[in-house]
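K.L.:
Please see the structure below; I have some questions.
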Amino acid sequence: MALRTLAAKASVRWFTTPGCIFMISSVAPCPLGIAMEIGIEPTARHAGDLGTIPVVIEDACGTGHADAAQRSCQALHFAGDATMTDTEAFCAALARAGARA
């Protein structure tokens, strides 16, 4: 199944299906929302509750309300359930991983 199809079907309920945890943990990146405060933060928290460590690329996330999105990012930073990064650092990490492979 193509990554775009996986991303289009992603939702919080996805994490409750055992096979999907494997699928999501083996595919990166897997966009799970558009607005940080509405879809991304709750999905990242749910993933953390289920033992999956999500990687949130902060500058690649949209917002519905800028202040609410900032509070969501602060909450994720504080809770420590997600790895928070930006596009530049994420791409650099992928390049390093590709160089080692």
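None of the figures in this text is laboratory data; all of them are computed from the coordinates on show. Source: prediction; values computed, not measured. Ideal geometry is used to build each Cβ from the backbone, glycine not excepted, and the neighbour counts take in all protein chains shown.
K.L.:
Once you list every other residue whose beta carbon is under 10 Å from the beta carbon of THR85, what net charge do they have if Lys and Arg are +1 and Asp and Glu are -1?
P.N.:
Working: positive: none; negative: GLU58, ASP59, ASP86, GLU88.
Cβ neighbours under 10 Å give a net charge of -4.
K.L.:
Still on this structure, I have one more. What net charge is computed for the residues neighbouring ARG71, neighbours being all others with C-beta under 15 Å from the C-beta of ARG71, Lys and Arg scored +1, Asp and Glu -1?
P.N.:
Within the 15 Å Cβ shell, the charges total -3.
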